[in-house]
Amino acid sequence: MAMIRVTHSISIDERELEERFIRASGPGGQNVNKLSTAVQLRFDVRRSPSLPDPVRARLERLAGKRLTRDGVIVISAQRHRTQERNRQDALDRLVELIEQAAVAPVPRRKTKPTYGSRQRRLESKKRRSSIKGLRQGNPAEE
């Protein structure tokens, strides 16, 4: 049983991945209609025992339109002309996506504006107000 290492704590069993080979669009010469070089990699996020819950939640959010209603991530790869390179490309993209999801977001620390920044803000508001006030004067007689 081969494991795909994503991070030091997350590894995915190869049996959790499903690959389908489809015909690629685009250039390919005479082979374009004969060979199925494009790869559709499917990974069931919701049923995967390899992912911790917080990572799973972030992965579902990051996947966006690549995630089906059933919680399966579908990655299509057809950049390369060979099936093997497309397989590796799809796998690399899945691993990259899981790596991004594995990084927990840093919680925001609340800060107050400094006294100086408040003073500068109020000063610029006063200046802007006086400029606009000058525009309200009576129009020049012609």
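The values are calculated or read from the model by the stated rules, or taken from the named source; none is laboratory data. Only a predicted model underlies this, so the values are computations on that prediction, with no experimental measurement involved. Glycine also receives a Cβ, built like all others from the backbone with ideal geometry; neighbour counts cover every protein chain displayed. When the accessible area is computed, the model is the full protein with side chains, heavy atoms only, and any ligands, DNA or RNA have been set aside. Shrake-Rupley method; radii C 1.70, N 1.55, O 1.52, S 1.80 Å.
State whether the residues of segment 45-58 include one that is outside any loop (DSSP other than H, G, I, E, B) and in contact with a strand residue (DSSP E or B) (Cβ under 9 Å, 6 or more places away or on another chain).
There is no residue in segment 45-58 that is outside any loop (DSSP other than H, G, I, E, B) and in contact with a strand residue (DSSP E or B) (Cβ under 9 Å, 6 or more places away or on another chain).
In segment 35-89, which residues are polar (S, T, N, Q) and open to solvent by 50 Å² or more (accessible area, probe 1.4 Å)?
Within segment 35-89, S76, Q78, T82, Q83, Q88 meet the criteria.
Taking segment 86-142 only, how many residues are closer than 30 Å to E14 by Cα and aliphatic (A, V, I, L, M)?
The number of residues fulfilling the criteria is 10.
Determine, yes or no, whether R20 is in a strand (DSSP E or B), more than 16 Å from the chain's Cα centre (by Cα) and free of Cβ contacts under 8 Å to residues at least 24 places away in the same chain.
Judged against the criteria, R20 is a match.
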